[in-house]
Amino acid sequence: MSGLHGTTRGHRHVAASPIVAAVLGSLLFAFSLSPAFAATTSQWQQYLAAGAATLSFQESTADGQAACTSSTLPDSTAASCSGIDLYGGRNLQPGAMSSTTVVFTNSGTGAAHTFTANGGACTQSPTGPGSGTAIDLCEKFQVRISADGSVVFDGTAAEFARTGTLPLVDGDAAIPAGGSVAVTVSVRLSDDIDNSYAGLRIGQPVTWTFQG
């Protein structure tokens, strides 16, 4: 699946949901595979060239509900923003996909010439005392990130962490004042998992960077 744009850092969590298997028609085993998406924290980073006009970016849901605006944060050069969970915030069945779209709007007076995303370390954690013992859940979630319809990343959550900087937008006046970029993040849980993944979830920070 593919990558992200922007100046924001966020933790994305995912959990797997139940698999049910029947044995000889009489025994029923419920596997609570729960790599589920949980709440996310984003971090905005705003880098301005000397003498550049002010940049200000607003993160919002696809329906226009604002999560936060960089200029209103305590430190607009690197500030956390509690907002949208890009990984969906829900349990997934093996083979199922969740997609979330966010819109980054330049509400400042200057143009952003670059917009990049960096995936932080992917970690897994138990959701309860009965959680499984698997240690590679980050390899079992496919992440696809697209910017304005163009795929910029398609790989596992673990690969996203190893990829480094992903250019989402790059060029002269790439995001002018008043302009926006829609970023869609889709996550799919592999169907190649067993009960050792039950009750586990992943989390991953994402840093979005806009530069004038």
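The values are calculated or read from the model by the stated rules, or taken from the named source; none is laboratory data. Everything quoted here is computed from the prediction, not taken from an experiment. Glycine also receives a Cβ, built like all others from the backbone with ideal geometry; neighbour counts cover every protein chain displayed.
Go through segment 140-185 and give me each residue that's under 14 Å from GLY119 (Cα atoms) and either acidic (Asp, Glu) or in contact with a Leu (Cβ under 7 Å, 6 or more places away or on another chain) (or both). Result: PHE141, ILE145, VAL152, PHE153, ASP154, GLU159, LEU166, LEU168, VAL185. Residues that are in contact (Cβ under 8 Å) with a residue 40 or more places away in the chain, of a type outside the set (Val, Ile, Thr) and touching a His at 6+ places or on another chain (Cβ under 7 Å): does segment 177-193 have at least one? No: zero hits. Which numbered condition in (1) within 17 Å of ILE135 (Cα to Cα); (2) modelled with pLDDT of 90 or more is the only one that THR165 fails? That leaves (1) as the condition not met.
Could you tell me whether SER99 is closer than 18 Å to ALA182 by Cβ, modelled with pLDDT of 85 or more and more than 12 Å from the chain's Cα centre (by Cα)? Before you say what the answer is, go through the steps one by one.
Details: closer than 18 Å to ALA182 by Cβ: yes; modelled with pLDDT of 85 or more: yes; more than 12 Å from the chain's Cα centre (by Cα): no.
Criteria not met by SER99.
Within segment 56-94, the residues that satisfy the criterion of being part of a loop (DSSP other than H, G, I, E, B), farther than 21 Å from SER146 by Cα and either β-branched (Val, Ile, Thr) or modelled with pLDDT of 80 or more (or both) are SER56, THR77, GLN93, PRO94. Only residues that are of a type in the set (S, T, N, Q) and either free of Cβ contacts under 8 Å to residues at least 40 places away in the same chain or within 17 Å of THR156 (Cβ to Cβ) (or both) were counted across segment 100-146, and they come to 5. When SER131 is tested against (1) at pLDDT 85 or above; (2) of a type in the set (Gly, Ala, Ser); (3) under 20 Å from GLY89 (Cβ atoms); (4) out of contact with any helix residue (DSSP H, G or I) (no Cβ under 6 Å at 6 or more places or on another chain), just one condition goes unmet, and that condition is (1).
Residues of segment 143-200 that are of a type in the set (Lys, Arg) and under 22 Å from ALA96 (Cβ atoms): ARG144, ARG188.
Looking only at segment 161-212, residues that are aromatic (Phe, Trp, Tyr) and surrounded by fewer than 15 Cβ atoms within 10 Å (Cβ to Cβ) come to 0 in all. Do we have any residue at all in segment 113-123 that's closer than 21 Å to SER196 by Cβ and touching a strand residue (DSSP E or B) at 6+ places or on another chain (Cβ under 7 Å)? Yes, the conditions are met somewhere in segment 113-123. One residue alone among ALA158, ALA117 is surrounded by 19 or more Cβ atoms within 10 Å (Cβ to Cβ) and part of a strand (DSSP E or B), and that residue is ALA117.
Against the conditions (1) part of a loop (DSSP other than H, G, I, E, B); (2) buried (at least 20 other Cβ atoms within 10 Å of the Cβ); (3) touching a Gly at 6+ places or on another chain (Cβ under 6 Å), GLY128 satisfies every one except (2).
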